[in-house]
Amino acid sequence: MFLAALWRHRGRAALGYALVGVVVGVLFVRLLGPFYTRIVTFPAGVPLDDPQGAIALLPAFQIGLYLALWVAAFVAVGWRRCFAGLTMLGLTQTAGLLALHTLASHSAITAQVRDVRGWAIAGPLLIVGAVVNVARPRR
């Protein structure tokens, strides 16, 4: 968060944006994370084999990271783009969990923890990058 805020803002303002971003991300994960995770994992059905809990924490963590990045660095871009990115992230989470469930039930392939954790970081970063750099503002 601090590097993203420093990249987009200068001086003491960067520290403020970074701290607010961290607070927003942590509050989401702590307060709304379990509810959001139930909503996203519901279409996949039975919980996946998840020995370290990486898949169980994935949806809430990704949204928390996305919100923290957005507040720290891209709040000036606008909330429509933020919500578009949240929608994309939610859809990719549901689709990814469905794919993992299908692979596990039909071909006994399970995701390794390092893959899940890599996607936990890469997913929000890629979506923030896409929403900020690819989407065109309406005029």
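Remarks
- Wholly enclosed helices (runs of 4 or more DSSP H) of segment 29-109 bearing at least 3 residues over 16 Å from the mean Cα position of the chain (by Cα): 79-107
- Contact map, segment 91-116: first residue under 19 Å from PHE42 (Cα atoms), second residue among the polar types (S, T, N, Q) and in a helix (DSSP H, G or I), Cβ cut-off under 9 Å, separation 6 or more or different chains; pairs are THR92/GLN62; GLN93/THR41; GLN93/GLN62; THR94/THR41; LEU97/THR41.
- Going through (1) small (Gly, Ala, Ser); (2) more than 18 Å from ASN133 (Cα to Cα); (3) surrounded by fewer than 19 Cβ atoms within 10 Å (Cβ to Cβ); (4) out of contact with any Ser or Thr (no Cβ under 8 Å at 6 or more places or on another chain) one by one, GLY78 falls short only on (2).
- Contacts under 8 angstrom Cβ, first residue in segment 1-28 being within 13 Å of VAL71 (Cβ to Cβ) and without any contact (Cβ under 8 Å) to a residue 40 or more places away in the chain, partner acidic (Asp, Glu) and surrounded by 18 or more Cβ atoms within 10 Å (Cβ to Cβ), 6 or more apart: none
- Residue within segment 52-73 that is surrounded by 12 or more Cβ atoms within 10 Å (Cβ to Cβ), at pLDDT below 85, within 18 Å of GLY129 (Cα to Cα) and out of contact with any Pro (no Cβ under 7 Å at 6 or more places or on another chain) present: yes
- Within segment 106-120, not a single residue is exposed (fewer than 14 other Cβ atoms within 10 Å of the Cβ), within 26 Å of TYR17 (Cβ to Cβ) and basic (Lys, Arg).
- Residues that are within 26 Å of VAL131 (Cβ to Cβ) and in contact with a Leu (Cβ under 8 Å, 6 or more places away or on another chain), drawn from segment 87-104: GLN93, LEU97, LEU100
- Number of positions in segment 105-129 that are farther than 19 Å from PHE61 by Cβ and out of contact with any Leu (no Cβ under 8 Å at 6 or more places or on another chain): 4
The values are calculated or read from the model by the stated rules, or taken from the named source; none is laboratory data. Fair warning: this is a prediction, and the values are worked out from it, not measured in the lab. Quick reminder, even Gly has a Cβ in these numbers, built from the backbone with ideal geometry, and neighbours come from all protein chains shown.
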